[in-house]
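To start, the structure under review is shown below, and the notes come after it.
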Amino acid sequence: MADLKRTHYCTDLTEKDVGQEVALMGWVQRRRDHGGLVFIDLRDRTGLIQTVFNPQEDPETHQRSHAVRSEYVIAVKGRVRPRPDDMINEKLKTGRIEVFIYHLRVLNTAETPPFQIEDDIDVSEAIRLKYRYLDLRRPSVQRNLLLRHKAYQVTRSFLDQEGFIEIETPVLTKSTPEGARDFLVPSRLNPGQFYALPQSPQLFKQLLMVSGFDRYFQIVKCYRDEDFRADRQMEFTQIDIEMSFVDEEDVHDITERLLATVFKELLDIEIPRPFKRLTYAEATSRYGLDKPDTRFGMELKNVTDIVAGSEFKLFSQVAQNGGVIKAINAKGQSSLSRKDLDDLTDFVKIYGAKGLAWIKINPDGWQSPIAKFFSEAEKEALIRALDVEAGDVLFFSADTPKVVNEILGQLRVKLGRALNLINTDEYDFLWVTHFPMFEYSQEEQRYTAMHHPFTAPVEEDLDKLETAPGEVRARAYDLVLNGHEVFGGSIRIHRRDIQEKVFHLLGIGQEEAEEKFGFLIKALEYGAPPHGGIASGFDRLIMIMTGADNIRDVIAFPKTQKATCLLTDAPSKVNRQQLLELAIRLDTENKKEN
RNA sequence: GGGGACGUAGUGAAGUGGUUCAACACGCCGGCCUGUCACGCCGGAGAUCGCGGGUUCAAAUCCCGUCGUCCCCGCCA
C-alpha cells in the first residue's frame, strides 16, 4: 500500500480527467468477464465506475483480474479514457468514461455475501440486520445515513448561529417516577442502588436555564423501555432545545426556522411558514387524532343532532346517554366491496369499535343496513352536513367522544392511505397546541400528566387546577408532520408553588416529590427564569425526509421489535463475577430460561 | 400482556396428504467468449422444508408446542 495512494473517489472522475493516471480503491460491485476483455465495476461510498482490464494494457494484470470476485477489496491504477459514443452508459454518473487498468492489487478477499449489495433487493430484514455491515454498503442505506449526518451539521450550525450553547448532560442519572419505564444501571460502588438512563434530559436542561445559559441545545440519545413500533425504538435521538424568557411563539419560531433551514439545505425544499396550527380540541374534533395527517380532507362531522331522534336505536340511545355520533364521507368510493367494508369493520374493532355503520350512496338510492331507519328529513340533513353526492360512502361511529374520535380518526388515515388520497411528496407541518394538562387514568385511579409534570398550565386555567383538573389546558405543543409527531415541547413551570401543586394533583406526595424531584424544586427557589423548550424525534424526522417507512432504515445499528441486536446478539447473559460485583442475584424462576 | 402475517438451497420463492414433491429465478462453481454494463452461451454443485413432538401405511403439507422476524392494540409523561 505504501506505493499506492488513492487519488480519487470513484465518482469524482469526469470527462475532464481523461488521460490522467488515477489510483482507486473500493469494492468489486460486479465482474463481467469476456475471457479477453474484463470489466469490473468498482464501488466506493460515492458510487460506481467501470474499470477495464485489457490484455494489451498489461497481460499479467489482465490475467489476475479473472480471479477477482464480488466484494473483494481492490486497489487499481490506470488511465481514464472516454468511452466510445455507442458505449456510453447513461445510468451511471461516470458512464461517459472508464479506467483502463494496468495495476491491480487485491487488498482483501471476501466470502460470497448473503445478499447482493445493491438497492431494491428482495431479502428479509432479519438477514439484513444480521449482516448489517453489508446492508450498510447499499447505496440507499448510505444515502439515509448521509442525510442524517447533514441534518446534524445543519442543526448544529443553525442553533449555534442563533446563540444556542451545546451542553452534554449525564447518561447515568436518577430514576424518576412518571413517564416511560426506565432503563436501570446498577451501581457497583453503591450496592442495591441504580442509575437510570435518561428518557430525555428534561430536568437538566431546566437546571441549565436556572444557571443562566439562556439558550441550550443538545443532539442526544434518549432511552425508554417500552415496546417497539415501526417508528419507535427504545434508544433514539432527540434534538433537545431549551430557552429562557420565552413564550410559545418564540419556541415555535425557532423550531420553524430550524426546520426550514434543514429542509432547504438537505432537500432543497422551501417549506411555507408560519406552520398551520390547531388546538388539541380542534384537531381531535375535526380529525379524531392529536397528530392528524392534514394532507387530505375527509374531516369528521358531528351528526349527533341530526340522528339523535332517528329510528335507529343505537344512535338515539348513544345520543340520549350523552355520547356523540360522527361521520366521515369517503368521496366517490362507493365501489368499495362488501368485503372491503367488512375489512374496515374489523379494522375499527382494533380501536374499540363494536361495529361500523356505513351508507353507500348509489345513483339509484342509498344502500346500507341502516338507511331504512332515517326519515327523508334526516337524510336531507345528512346530505347537507356531509356534502353527500352520488358515489360517496359514509361511515358512522357512535360512542363517547374519545372513542368516536379515535375510531374515525384511525379509519380516516387508513382510508386516506388505501385510497391514495395522500400526496406523498408533500411535507405538511402542523402545530397542535393547548393540550389538556391531565388525563385521568382509570388503571391508576388518578390524574397523569399528558405531556410531563413540569409543563406550565395556561394562565387563565390556573384557578381550575383544584376545582376541575381535567379542564386545565397545558402550555404544551406538538409539531406534527404528515401524521407523525416529530417535535414536542412546552413552556415549563418556573414557580415552586405551582410545581408543588401539580405534583400534588398527580398524586405525588410531598415526601416523594422531595425525594424524587427535590433538586428541581430547590432550584426553582433560586431565581429560575421563565423558560420553555422543545425536543424532536430526530429519527422520525429523518425517516420522513428520506421516505423510509420504518425507523430502522435511518439508524445504523437498530434493534428488532423484541429489543435484540441480530448483529451482536445483545442482550446477553453476563458471568457470575459481574453479577457478584453488582450485588445482583437473578430471580428468573418465573421468567423464561434464557 | 394481546391480535395478525410470515418461516422451504446463500437469497427470493412454487408446492397445502400419495407414484419425478422438493419447481423456478438470482447468486455460487467450472468451461467458452475483446465492448459488456441485470453481459451472453454451455455444464455443475447446493435443501435434515425454522426446531421439537404427535396423527397417519404415508407429512414440507394436518394437529400441538416452541423459536425467530415484521405489523398492530395495550404501553410510549
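Convert each backbone phi in region A:123-138 into a coupling constant with the Karplus relation 6.51 cos²θ - 1.76 cosθ + 1.60 (shift: θ = phi - 60°), then list the ³J(HN,Hα) values in order as whole Hz, x for Gly and Pro.
Result, ordered by residue: 8, 5, 5, 4, 5, 4, 6, 5, 10, 4, 4, 7, 4, 6, 6, 6 Hz.
Take the alpha carbon gyration tensor of region A:200-325, find the square roots of its eigenvalues, order them as a ≥ b ≥ c, and report rounded if a/c is under 1.5; if not, report prolate when a/b exceeds b/c, else oblate.
Values: a/c = 2.35, a/b = 2.04, b/c = 1.15.
Prolate, since a/c reaches 1.5 and a/b exceeds b/c.
Angle between the Cα long axis of helix A:338-349 and the longest principal axis of chain A, 0 to 90 degrees, nearest 10?
70 degrees
Give me the angle, in degrees from 0 to 90, between the Cα long axis of helix A:248-267 and the longest principal axis of the Cα atoms of chain A, rounded to the nearest 10.
Roughly 30 degrees between the two axes.
For chain A, what size does the Cα cloud have along each of its three principal axes, sorted from largest down, in whole Å?
Sorted from largest, the Cα extents of chain A read 92, 76, 55 Å.
Ordering A:LEU203, A:LEU580 from largest to smallest accessible area (1.4 angstrom probe), what's the sequence?
Numbers: A:LEU203 20, A:LEU580 105 Å².
From most accessible down to least: A:LEU580, A:LEU203.
What value does region A:424-549 have for Rg/Rh, both radii from Cα atoms and Rh as Kirkwood defines it? Please report the intermediate quantities before stating the final value.
On the way: Rg = 16.7 Å, Rh = 16.0 Å.
That ratio equals 1.05.
If you line up the long axis of helix A:510-524 against the longest principal axis of chain A, both from Cα atoms, how many degrees apart are they, to the nearest 10?
Roughly 70 degrees, rounded to the nearest 10.
I need to check one value: relative contact order of chain A, counting alpha carbon pairs closer than 8 Å and at least 6 residues apart, in percent. Intermediate values should be presented prior to the final figure.
Numbers: 1083 pairs, mean separation 75.7, N = 594.
Contact order relative to length: 13 percent.
Can you give the relative contact order of region A:49-160 as a percent, counting alpha carbon pairs under 8 Å and 6+ residues apart? Intermediate values should be presented prior to the final figure.
Working: 128 pairs, mean separation 28.8, N = 112.
It rounds to 26 percent for region A:49-160.
In region A:392-467, carbon and sulfur make up what percent of the accessible area (probe 1.4 Å)?
Numbers: 1610 of 3580 Å².
Roughly 45 percent, rounded to a whole number.
Report the one residue of A:ALA283, A:GLN142, A:LEU24 whose Cα lies farthest in the direction of the positive end of the charge dipole of chain A (charges on C-beta: Lys and Arg +1, Asp and Glu -1; origin at the Cα centre).
Checked the options; the winner is A:LEU24.
With a cut-off of 8 Å between alpha carbons and a minimum separation of six or more residues, what is the relative contact order of region A:500-594 in percent?
Values: 30 pairs, mean separation 9.3, N = 95.
Once normalised by length, the contact order is 10 percent.
From the square roots a ≥ b ≥ c of the eigenvalues of the alpha-carbon gyration tensor of region A:297-434, which class results: rounded (a/c under 1.5), prolate (a/b over b/c), or oblate?
Numbers: a/c = 1.58, a/b = 1.22, b/c = 1.30.
Verdict is oblate for region A:297-434.
Summing -39500 (n - 2.57) over the DSSP H runs of n ≥ 4 in chain A and dividing by its residue number, what mean residue ellipticity at 222 nm do you reach, to the nearest 500 deg cm²/dmol?
On the way: 17 runs with 174 residues, N = 594.
Computed mean residue ellipticity for chain A: -8500 deg cm²/dmol.
Using +1 at the Cβ of each Lys and Arg and -1 at the Cβ of each Asp and Glu in region A:519-578, identify which of A:GLY533, A:GLN561, A:GLN578 lies farthest towards the dipole's positive end.
After comparing all options, I get A:GLN578.
Students often forget the sequence filter, so: which aspartates and glutamates lie under 16 Å Cα-Cα from A:LYS313 once same-chain residues fewer than 8 apart are removed?
The qualifying aspartates and glutamates are A:ASP305, A:GLU378, A:ASP399.
May I ask which residue of A:ILE407, A:VAL432, A:HIS451 lies farthest towards the positive end of the charge dipole of region A:321-463, with charges of +1 (Lys, Arg) and -1 (Asp, Glu) on Cβ and the Cα centre as origin?
About the Cα centre, the residue reaching furthest to the positive side is A:ILE407.
Leaving out ligands and nucleic acids, and using a 1.4 Å probe, what accessible area per residue does chain A come to in Å²? Walk me through the numbers on the way to the answer.
Numbers: 30650 Å² over 594 residues.
Normalised by residue count, the accessible surface of chain A is 52 Å².
Counting other Cβ atoms within 10 Å of each Cβ, which trypsin sites (Lys or Arg not before Pro) in region A:128-210 have at most 16 and sit in a DSSP loop? Could the numbers behind the result be given before it?
Working: sites: A:ARG128, A:LYS130, A:ARG132, A:ARG137, A:ARG143, A:ARG148, A:LYS150, A:ARG156, A:LYS174, A:ARG181, A:ARG188, A:LYS205; in loops: A:ARG137, A:LYS174, A:ARG181, A:ARG188.
Passing sites in region A:128-210 are A:LYS174, A:ARG181, A:ARG188.
Mind ranking A:HIS34, A:HIS494 by accessible surface for me, highest first, 1.4 Å probe?
Details: A:HIS34 130, A:HIS494 60 Å².
Greatest to least solvent exposure: A:HIS34, A:HIS494.
How would you classify region A:506-594 from its alpha-carbon gyration tensor, with a ≥ b ≥ c the square roots of the eigenvalues: rounded for a/c under 1.5, else prolate if a/b is greater than b/c, otherwise oblate? Could the numbers behind the result be given before it?
Values: a/c = 2.81, a/b = 1.16, b/c = 2.41.
Verdict is oblate for region A:506-594.
So how do A:ASP225, A:ASP569 rank on accessible area, 1.4 Å probe, biggest first, that is with the largest at the start? Kindly include the intermediate steps, with their values, before the conclusion.
Working: A:ASP225 50, A:ASP569 110 Å².
From most accessible down to least: A:ASP569, A:ASP225.
The values are calculated or read from the model by the stated rules, or taken from the named source; none is laboratory data. Bear in mind that the values here come from a model prediction, so they are computed numbers and not experimental data. Positions of Cβ are generated from backbone atoms using ideal geometry, with glycine treated the same way; all protein chains shown enter the neighbour counts. Keep in mind that these areas ignore ligands, DNA and RNA; they rest on the heavy atoms of the full protein, side chains included. Shrake-Rupley method; radii C 1.70, N 1.55, O 1.52, S 1.80 Å.
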